[in-house]
1. Return a yes/no flag: does segment 546-567 have any residue that is modelled with pLDDT of 90 or more and either surrounded by fewer than 24 Cβ atoms within 10 Å (Cβ to Cβ) or not in a helix (DSSP H, G or I) (or both).
2. Is it the case that segment 678-690 has a residue that's in contact with a Phe, Trp or Tyr (Cβ under 8 Å, 6 or more places away or on another chain), assigned to a helix (DSSP H, G or I), open to solvent by 10 Å² or more (accessible area, probe 1.4 Å) and farther than 21 Å from Val520 by Cβ?
3. How do the helices (runs of 4 or more DSSP H) wholly within segment 55-128 filter down when requiring 2 or more residues that are open to solvent by 10 Å² or more (accessible area, probe 1.4 Å) and closer than 28 Å to Cys196 by Cα: which remain?
4. Can you say whether Tyr620 is open to solvent by 10 Å² or more (accessible area, probe 1.4 Å), touching a helix residue (DSSP H, G or I) at 6+ places or on another chain (Cβ under 7 Å) and either assigned to a helix (DSSP H, G or I) or not aromatic (Phe, Trp, Tyr) (or both), as far as the supplied structure shows?
5. Return the residues of segment 411-437 that are surrounded by fewer than 21 Cβ atoms within 10 Å (Cβ to Cβ) and within 19 Å of Leu569 (Cβ to Cβ); say none if nothing qualifies.
6. Got a sec? Which of Thr306, Thr325 is open to solvent by 40 Å² or more (accessible area, probe 1.4 Å), under 17 Å from the mean Cα position of the chain (by Cα) and not aliphatic (A, V, I, L, M)?
Amino acid sequence: HQLASSTNKNLKISTMKFALFAGLVAAASATNPTFIDYQCTSDVTEHGEIDLDVAAILTAVNLGTDAGVTTAVDIYTNGQNSAKSSGLRNLKGFATSGEAKMIGEFQYSLFRAAGNAADDMDTMTVATLGTAAGVKQEEAAMSINFRNTYIYTLHELLDAYADRSVGTTTDNDNAVKAWDEGVAFYVGSTATKGVCSLNSIYGMFECFGQHFTSNGGATSQDTDNISAQSDINAFVMGKFAEGKAIIDGSTFGDTEKENLLKITDEINSAIVKGLVQMYIWVQKTTTSGVAQLSPIVVADLVAQKTKLTKVIGSVIHHEVNACDTDSAALVEANMIAADQNFDATLGALQKNYKCLGFNCISVGAFFGASSGVSMCDDGAQYPDQVETITDNGNTYAISAVNYGYTPGSEVAAHALLDKDLLRIGLYMGQADYANAYRTYSKGRNSVKGSGVVRNYQAFSKGASKMAFSEMDTYKAYFGNDAEFNDKFITAVILGQTDTTMGAAVDYSTVAADARKEIAVKSIQYATTFHYVLREFYDAIDDCKIGNQAANQDGVHAWDEGVVFWAGSLEGADGSGTGQVLAALAEKRAGNYPETKDTTKMGSSVINDSLMADFNAGKTYLQAGSCTEAEALIPGIVSKMITPIIQSAQRYAYYVGNGSNTDKKRAEGYAFMRAVLPLVNACDATSADTIKSNQDYFAPTAMHEGSDAVFEAYQRTLGCLGVTCAMVGDLDDGAYPGRPACTTDFEFGGPAAAAKVKGVVTALALLVGAFLW
């Protein structure tokens, strides 16, 4: 009875408060609040008071009764304290407005791309609160603050970016700037600087900071002895101020736009870092440890370890998934589905700190409990491990083994570029073209020694730097335009008109799943393939001038080519889920059984043979044997294009035999386009047959049938330095009657072979070298 009376009273007060607020807005100038040290430029007082709803919910659940749970769910669903023009703001709305408000925002795109339904965060919070007389305040607070408020805070920051981009800095909810709203939701009206509270994200980050060290041993609670708050909150509040200054500035050009997006990324990364620290805190806090700050109840914290771990896992899973799907699978298994294998799970997270936007030092070490956790070592995380070697009096740093290949130089940062591809694919899968293009054009994970971030767009535009015969063939086919790859990929991602394949085609009309396949596969198997060759030829050029180690920042170009081919996600032994050329050969080995190697780590005979070439090339270059290294490249080209040909044939067969979907046509088109210029240089008639059947925009897809397309590819294999033994026969069990690779068409003859300079200069040696 007392609880019901209190609730009714609060509702009445809120209603009166709202009416008064509405009248005051019309009659007087607004007062702009301050949150900690952040001075708002708009009145977001009511927004900040959403934390009073959190406090009321926690009061209700702490009663430990079914009635308390009912009240908590009611406040969560309908709101109580935070007024807006249409009534009361509610926490449930924070987690259920994704489809209405967050389409195209990076955090929501990644959340959905990780397999989550639109309202999953709300569903999980409702399930947490709906545990009759069983939920504790710590679990309820963590669920609401991080499943609900966190994602909505980011939405407001990105909404501010959108408003400022169109020049409407105050056009958001009755002249209230969205940026200030984000700050208000993050901090809340009751937060005190440096004080632990369960009512807001800010307050929760103050509850465990005292137990982490960073920056050489100072505590996270007050690293610089000035801010008197946790490192995370000091950083985030500073970034809020930086963002406000940009929004309030007189100009908002490309530089300001990118800086504001970077600030939002940094705020997001700081929150994710805090959640990782929370995971450690929850896992390692025991009743025998140092008592936590009020209002945390240590015994309850320990008792809720599994539930709290699940909350944290559910919030960070999509962020980890955008860095490494294998690590995300561990989060799913060890944090969400069950609470287990802490060491392995933390190791998977640590491996991805750089991708997540922070490092071991900023996370620090956990102390103050009976079981601490040492600070990890950034240099010990794959692929950043470095070994120093001395050779002929010279000292070199070499990177960790990559896909079984031991580099002769430091190329870890190069390998990380494949994480960009993973993220681009996730964005494209959600039709989030703006963020896909930003990742493609700006880069994210691969940073040069100069601080410049590598990006695939620069690779796609790099044909002007690629003075080798294979690239000459590609440029000739695409109208001697050195930027043919970038113009095509950009058109696909952004839905523009493209003319690189001849007739103008409009990619804004192409289905989203097809656009994803065309864009991502073109980066994987055209852009990356070309740049890998560029690095190998660059290594030869360096060798010929007697300076094979003179490539940028002392990194051997040959090693760069290998790690761009393999990527970092394959791992040291090739067991990971890769994104680039090495992974393609593994996939196709499962469809062309003759090319599968069940005894070696890569599972692909083609990759085994390439690895032998890579190691031989490295050895030759280190010895200054430039000619011998150069002689390997034609065979490398032939082996690298073999999985692309296998893939083009596979999708030609699918589309021509009952599976003519947008997605499969797009996949076949991307593979076809990646190899078509080389085919055309061997036999234009075969190339025309392939194009007319596999062009995504063909009036009738595969109109001549799969046999004709298979024959067209196979007629040029000899010219391309490829054999049927290398390609094998398609056999993945999907459809009967697949055409075999036929030696009748295998070799195009000397005249055709001469058309692709370098590919078959050592054809006889190549065929003899393959033990297929």
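The values are calculated or read from the model by the stated rules, or taken from the named source; none is laboratory data. All values derive from a computational prediction rather than experimental measurement. For neighbour counting, all protein chains shown are included, and Cβ atoms are generated from backbone atoms with ideal geometry for every residue, glycine included. Ligands, DNA and RNA are stripped out before the accessible areas are found, and what is left, the full protein with its side chains, is counted by its heavy atoms. Shrake-Rupley method; radii C 1.70, N 1.55, O 1.52, S 1.80 Å.
1. Within segment 546-567, the subset modelled with pLDDT of 90 or more is 557-567.
Next, from what is left, pick out any that are either surrounded by fewer than 24 Cβ atoms within 10 Å (Cβ to Cβ) or not in a helix (DSSP H, G or I) (or both): 567.
Scanning segment 546-567, I find at least one residue that is modelled with pLDDT of 90 or more and either surrounded by fewer than 24 Cβ atoms within 10 Å (Cβ to Cβ) or not in a helix (DSSP H, G or I) (or both), so the answer is yes.
2. The answer is yes, given that some residue of segment 678-690 is in contact with a Phe, Trp or Tyr (Cβ under 8 Å, 6 or more places away or on another chain), assigned to a helix (DSSP H, G or I), open to solvent by 10 Å² or more (accessible area, probe 1.4 Å) and farther than 21 Å from Val520 by Cβ.
3. The helices (runs of 4 or more DSSP H) meeting that bar are 66-78, 91-96.
4. yes
5. Gly429
6. None of the others qualify; the one that does is Thr325.
To keep it simple, each residue is scored yes or no on (1) touching a residue at least 12 places away in the same chain (Cβ under 8 Å); (2) under 22 Å from Glu332 (Cα atoms).
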| site | (1), (2) |
| --- | --- |
| Gly79 | yes, no |
| Lys84 | yes, no |
| Asn90 | yes, no |
| Ala100 | no, no |
| Leu110 | yes, yes |
| Ala113 | yes, yes |
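Residue-by-condition table, conditions (1) free of Cβ contacts under 8 Å to residues at least 24 places away in the same chain; (2) in a helix (DSSP H, G or I):
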position: Gln457; (1), (2): no, yes
position: Lys475; (1), (2): yes, yes
position: Ala482; (1), (2): yes, no
position: Asn485; (1), (2): no, yes
position: Ile493; (1), (2): no, yes
position: Met501; (1), (2): no, no
position: Ser508; (1), (2): yes, yes
position: Asp513; (1), (2): no, yes
